Every structure is written in structure tokens, then in C-alpha cells.
């Protein structure tokens, strides 16, 4: 049966006019009740950080311009192509980067779904039935087959910005997920760099340990010859052999540590171990050379580029918008629906077809009583908002702490540089003199071994200081969320390479 045509029923027009007037009145009130008019997060001034002014859907305010190419160029300043290659390889296989990329796609889908809630929906409907129906006391009619097909549309008008607020909240989270993706890439680059510098320092310590072991073995050989000739007691030769065994054991232990560092790099980069060992052997690195300019202080504005702060700030905005969305759920809702159908009924005797369409109802729903559910939703949204603001403040404090700690470590390594170099030079000279006196019979083997252990400790301290400074650079890179830019000239080398005990040479800066 054809639906009634409202244009032919004047008696309904006043009711529709009243309903439309109510809708316009409610729409006018929506300006004051919109969630977008809510104040920003109440973050104390002392912990506020300037937020990146990024356009919606972009990450231009992030370090490296939020791109992998920019990250590669930044690490290229280290003048170590192998390090850049390892970082890029790790980025390609990192599970954390993959997870962050998946989170971006989920956030994008959620944003699309929220935006779709503001648009009309259109569904195609089809049905088929077979049967008979007839009034009582009448002849049995034939069996009829009925086919229905049509379109149904509905639209809820967003009077008070409920769906707009949800859409904007998802937009904020989408931008935050992009920042989190960049944070994962920065974190992976820092992890690879730390492991790489650890391996390079381990290789340098292995050189020192092997040279020390060779020196001890030579001393043991000479002591054994002197004992056989009757110039020294057997106990002296035994001490020399014990020292040589200790040196050999130290070299094996250091080699094991280097092998473990290589295994870690293989796991990070998924590069075949033989190929990685070949690349490492073909590209030796001098840890004393630094390409980055010195950093004494960091402007507070730089902290705004940190992906975690970027994400935390957008989470605050998203939570604020959700408070408005929850409030809007307490106000009236206006919806409109309609449909267009065609029906075909066929029996053995005849076939009938008729079309129907409807516009409406235009429905206004006014919440009256829900047992306090809507108020509870608002309070829950407010609690999430306060938590997001607290997390933002904590993220800023953590960023300040991490940057300051990295700067302190950099300053500490710079101040200890001269002391470490002077100590290594002094102990090198002391060992050389003691060795000469030992060969002349004026010093005991105990004195020689004591001088050797002291020199080995000083040389190891120089390498450890080089590694500590590199780690401090990486920590500052991570703390700033992906590096920094400066026009200052590069710093001088931290300290020169250590020299082997078997080839006496002073540790000097270039």
C-alpha cells in the first residue's frame, strides 16, 4: 500500500512546522553548548611547553620533518656510512616501528568512522517471501510469491557537536599516532647507534687486551730463559707464566663480549652475520673523532618536537573534546529517515507491482531519565581529561630531566678527557721505565706486572670514556626526540687512540 503523502494532508503541517521550529531553536543553542568552546587543558604555566604548530594530518613540526630520509641525513653527519646503513636496515625490520605503523592505520580508520557518523546512511534492502493469506469463510486463494527491494536512508543531525567532537578527538589521536611512529624510529636509531658504538669500543678494548697478552707472553718467555740460565728463581718464572695466562684469558673474555655485541646487531638489523663482520672489518671507526657540534644548553622550545610530548598534547585535546561529546549526549537528538521500495507479488493467476516512498519521520528525541548514565559518562570523560593533562605534565618533566642528564654526562666526559689522557700518558711512561729497569735487573717482576696492570686500566679507561661520550650523544639525541641543529663548529677529538703495551707510545691528542 502506498504511504500517505504529507503534502496532501494539511492537518499535519502545523505539527511539522512546530517540530522544525524546535529543531532550529536547538541548533541555535548548539553554538554555546558546542564542545569546541571548552577551555584548554589546565596545565600550570611552569610546565607548559610550546606545542608544534602542525597542520592537521601532518608531522612537519617533528624532528627530521617526520621523515625517514631526514633521519638518515641527520645520522649521516657522523661521517660513518656503515652506521647509517645499519640504522636503515633496523628501521625496515623493527617490530616496534611496524606496530607504530599499524597504530597509525587504526587511528586513521577510527577518524574515518567518526567522520562518517555525521553523514547520512543509505542501505539497500531486499526480501522474498512465499505464502497465502485470505479472509475467513472465503475460498482458498492461490499461493503468492512476494519480492521487495528498495533503499533506506537515515541521518542524525549533529545539533550539539557530539559527532564533530568525536571526529576531532580521533583526528588529534591520529596526529599523535604519527608522532608515536616517529618516536619508534628515533628509538630504534638510538638503540642501533648505542649497540654499534659499544661494539666499536669493545673492538678497541680487544686490541688492548691482545697487545697486553702478547706483552705478558713475551715477558714469560724471557723469564723462563733467565730461570733456565740460573739468573732468576723458578718462582719468578712461575709468576710470569701466571701473568701470561691471565692476559690470554682477558683477551678471550673481551673477544666473547665483542661476539655478543655482533650477535645483538645481527638481531637488530637482520643482516647476515658473515656479511656484517665483513662490513665492520672494512670500515674501521675512530671513536675519538666527533662530527657533532658541542651542545651546552637546549632551548625549551626544542622539547616541543619530542614525539611523546607531541602525542601527549594531542591526547589532552582529544580528552577535552570527548568531554564535550559526552555532554552533548545529554541534549535532544534530531534524526530524519526515508525509504524507497518496489514490491512485486506473483501468483498463478496474476502479477502485481507497486512502488512506495516515504520521507520521515523527522524525529526529535529528548532524554528525560537514564538513571544517571549520561552524567556518569561526563564525569568519566572529565577524569580521563584530568589524567591526560597530568600525563602531559609528566611527559614535559621527564623530557627536561632526560635532556639535563644527557647534558651533564656530556659535560662530565669533556672535563674528564684531559685527566684520562694525562693518566694514560703517565702510566705509559712509568711502565716503559719499569720495563727497562726490569731488563737491566734493577726491578722485580712484581713491580713490572703492577705497572702493566695500572697501564692496562688507564688505557681501558680512555676507551670507556670514548664510549661513554658517544652514549651521551645518543642519549641527548633520544631525549630531544630526534636530534638538533646547530651552526657551531665541530668539537676537537676526545682523546687519541690507545696504544698497545708491546709498542710503547704516548697517548696524545691530535
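The values are calculated or read from the model by the stated rules, or taken from the named source; none is laboratory data. Predicted model only: the values in this text are computed from it and were never measured. Quick reminder, even Gly has a Cβ in these numbers, built from the backbone with ideal geometry, and neighbours come from all protein chains shown.
Under 9 Å between Cβ atoms, at least 6 apart or on separate chains: pull out the pairs that start in segment 216-234 with a residue that is in contact (Cβ under 8 Å) with a residue 40 or more places away in the chain and end on any residue that is buried (at least 16 other Cβ atoms within 10 Å of the Cβ) and assigned to a loop (DSSP other than H, G, I, E, B).
216/501; 223/232
Test residue 260 against the stated conditions and say whether it is assigned to a helix (DSSP H, G or I), under 29 Å from the mean Cα position of the chain (by Cα) and buried (at least 16 other Cβ atoms within 10 Å of the Cβ). Steps first, answer last, please.
On the way: assigned to a helix (DSSP H, G or I): yes; under 29 Å from the mean Cα position of the chain (by Cα): yes; buried (at least 16 other Cβ atoms within 10 Å of the Cβ): no.
Taking the combined requirement at face value, the residue does not satisfy it.
Name the residue that is modelled with the highest pLDDT, counting only residues in segment 276-285 that are under 30 Å from the mean Cα position of the chain (by Cα) and more than 16 Å from residue 89 (Cα to Cα). Talk me through it step by step, then tell me what you get.
Looking only at segment 276-285, we keep the residues that are under 30 Å from the mean Cα position of the chain (by Cα), and these are 276-277, 279-280, 283, 285.
Those left that are additionally more than 16 Å from residue 89 (Cα to Cα): 283, 285.
Numbers: 283: 84, 285: 76.
Looking at residues that are under 30 Å from the mean Cα position of the chain (by Cα) and more than 16 Å from residue 89 (Cα to Cα), I get 283.
Say whether the condition of being modelled with pLDDT of 90 or more, surrounded by 14 or more Cβ atoms within 10 Å (Cβ to Cβ), in contact with a helix residue (DSSP H, G or I) (Cβ under 8 Å, 6 or more places away or on another chain) and closer than 30 Å to residue 417 by Cα is met by at least one residue in segment 299-307.
Kept after step one, since they are modelled with pLDDT of 90 or more, are these residues of segment 299-307: none.
No, segment 299-307 contains no residue that is modelled with pLDDT of 90 or more, surrounded by 14 or more Cβ atoms within 10 Å (Cβ to Cβ), in contact with a helix residue (DSSP H, G or I) (Cβ under 8 Å, 6 or more places away or on another chain) and closer than 30 Å to residue 417 by Cα.
Are any of the residues in segment 355-373 within 40 Å of the chain's Cα centre (by Cα) and surrounded by fewer than 16 Cβ atoms within 10 Å (Cβ to Cβ)? First the steps, then the outcome.
Looking only at segment 355-373, we keep the residues that are within 40 Å of the chain's Cα centre (by Cα), and these are 372-373.
Filter once more, so that each one left must be surrounded by fewer than 16 Cβ atoms within 10 Å (Cβ to Cβ): 372-373.
The answer is yes; a qualifying residue exists.
Does residue 254 satisfy the criteria of being surrounded by 17 or more Cβ atoms within 10 Å (Cβ to Cβ) and closer than 20 Å to residue 434 by Cα?
On the way: surrounded by 17 or more Cβ atoms within 10 Å (Cβ to Cβ): yes; closer than 20 Å to residue 434 by Cα: no.
The answer is no for residue 254.
Tell me yes or no: at least one residue of segment 140-157 is closer than 30 Å to residue 315 by Cβ and touching a residue at least 24 places away in the same chain (Cβ under 8 Å). Outline the logic, then answer.
As a first pass, look at segment 140-157 and keep what is closer than 30 Å to residue 315 by Cβ: 156-157.
If we keep only those that are touching a residue at least 24 places away in the same chain (Cβ under 8 Å) too, we end up with 156-157.
Yes; the residues of segment 140-157 include at least one that is closer than 30 Å to residue 315 by Cβ and touching a residue at least 24 places away in the same chain (Cβ under 8 Å).
Suppose we keep only residues that are farther than 30 Å from residue 357 by Cα and surrounded by fewer than 23 Cβ atoms within 10 Å (Cβ to Cβ) within segment 327-338. Which one would you say is nearest to the chain's Cα centre (by Cα)?
At the first step, the residues of segment 327-338 found to be farther than 30 Å from residue 357 by Cα are 327-331.
Next, only the ones that are surrounded by fewer than 23 Cβ atoms within 10 Å (Cβ to Cβ) stay: 329-331.
Details: 329: 35, 330: 38, 331: 40 Å.
Restricting to residues being farther than 30 Å from residue 357 by Cα and surrounded by fewer than 23 Cβ atoms within 10 Å (Cβ to Cβ), the top hit is 329.
Would a scan of segment 414-427 turn up a residue that is closer than 18 Å to residue 243 by Cα and in a helix (DSSP H, G or I)?
Pass one, segment 414-427, residues closer than 18 Å to residue 243 by Cα: none.
Among the residues of segment 414-427, not one is closer than 18 Å to residue 243 by Cα and in a helix (DSSP H, G or I), which makes the answer no.
Go through the residues of segment 124-138 one by one and say whether even a single one is more than 30 Å from residue 72 (Cβ to Cβ), assigned to a helix (DSSP H, G or I) and at pLDDT 90 or above.
Looking for residues that are more than 30 Å from residue 72 (Cβ to Cβ), assigned to a helix (DSSP H, G or I) and at pLDDT 90 or above, one finds none in segment 124-138, hence no.
Please determine whether any residue of segment 57-70 is buried (at least 16 other Cβ atoms within 10 Å of the Cβ), in contact (Cβ under 8 Å) with a residue 24 or more places away in the chain and on the phi > 0 side of the Ramachandran plot.
Yes - at least one qualifying residue is present in segment 57-70.
Suppose the filter is surrounded by fewer than 22 Cβ atoms within 10 Å (Cβ to Cβ) and either touching a residue at least 60 places away in the same chain (Cβ under 8 Å) or in a helix (DSSP H, G or I) (or both); does residue 189 pass it? Walk me through it before giving the result.
Values: surrounded by fewer than 22 Cβ atoms within 10 Å (Cβ to Cβ): no; either touching a residue at least 60 places away in the same chain (Cβ under 8 Å) or in a helix (DSSP H, G or I) (or both): yes.
Judged against the criteria, residue 189 is not a match.
Pick from 424, 395: which is touching a helix residue (DSSP H, G or I) at 6+ places or on another chain (Cβ under 7 Å), more than 30 Å from residue 165 (Cβ to Cβ), crowded, with 16+ Cβ neighbours inside 10 Å and touching a residue at least 12 places away in the same chain (Cβ under 8 Å)?
Values: 395 fails: more than 30 Å from residue 165 (Cβ to Cβ).
That would be 424, the only listed residue that is touching a helix residue (DSSP H, G or I) at 6+ places or on another chain (Cβ under 7 Å), more than 30 Å from residue 165 (Cβ to Cβ), crowded, with 16+ Cβ neighbours inside 10 Å and touching a residue at least 12 places away in the same chain (Cβ under 8 Å).
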